[in-house]
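Report on the structure given below.
The values are calculated or read from the model by the stated rules, or taken from the named source; none is laboratory data. Source: prediction; values computed, not measured. A quick note on method: Cβ atoms are made from the backbone with ideal geometry, for glycine too, and the neighbour counts reach across all protein chains shown. Heads up: the accessible areas ignore ligands, DNA and RNA and are worked out on the full protein's heavy atoms, side chains in. Shrake-Rupley method; radii C 1.70, N 1.55, O 1.52, S 1.80 Å.
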Amino acid sequence: AHVIGRREVFVANGPAAIAAVFPDHALIDSLGCGAVINVPVVFAGEVVGTVNCLHGAGRYTGSRVRRAEALVMPGLVALLAARRRPG
């Protein structure tokens, strides 16, 4: 609802925050990932994909969130290019 419905960036910066929303939180934690960010990629008013990154706990500070938001345009280009590829 947060990313797809409201088209807002989602950040969880610790294992407890990840556990609150991801059913596979134990797997995520076992991989050493304690923070997650999901950035919606919107084209023509539709969410066509997301940019998702995992890292160590506390990683996604305000400045890093802004840099992740800058990945929307490259993400859109990559998604559109992938859709045009045959088969």
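Got a number for carbon plus sulfur as a percent of the chain's accessible area, 1.4 Å probe? Intermediate values should be presented prior to the final figure.
On the way: 3340 of 5540 Å².
Reported share for carbon and sulfur atoms: 60 percent.
Computed from the coordinates I sent, percent of Cα pairs over 23 Å apart equals one of [x] 42; [y] 13; [z] 29. Tell me the label.
Correct label is [z].
Per DSSP H run of n ≥ 4, the term is -39500 (n - 2.57); total these for the chain, divide by its residue number, and report the mean residue ellipticity at 222 nm rounded to 500 deg cm²/dmol.
Only helices count here, giving -10000 deg cm²/dmol.
Would you work out the charge dipole size for the chain about its Cα centre, treating the Cβ of every Lys and Arg as +1 and the Cβ of every Asp and Glu as -1, and quote it to the nearest 20 debye?
Rounded to the nearest 20 debye, it is 340 debye.
Report the local net charge at V47: Lys and Arg +1, Asp and Glu -1, summed over other residues whose C-beta lies under 12 Å from its C-beta.
Local charge sum for V47: 0.
Enter the angle in degrees (range 0 to 90, nearest 10) between the Cα long axis of helix 72-84 and the first principal axis of the Cα atoms of the chain, meaning the one along which they spread out most.
Between helix and principal axis, roughly 60 degrees.
Would you mind counting up the charge near A78? Only other residues with Cβ under 15 Å from its Cβ, with Lys and Arg at +1 and Asp and Glu at -1.
Value of the local net charge: +3.
Could you please report the charge total around I18, scoring K, R as +1 and D, E as -1 over all other residues with beta-carbon less than 13 angstrom from its beta-carbon?
-1
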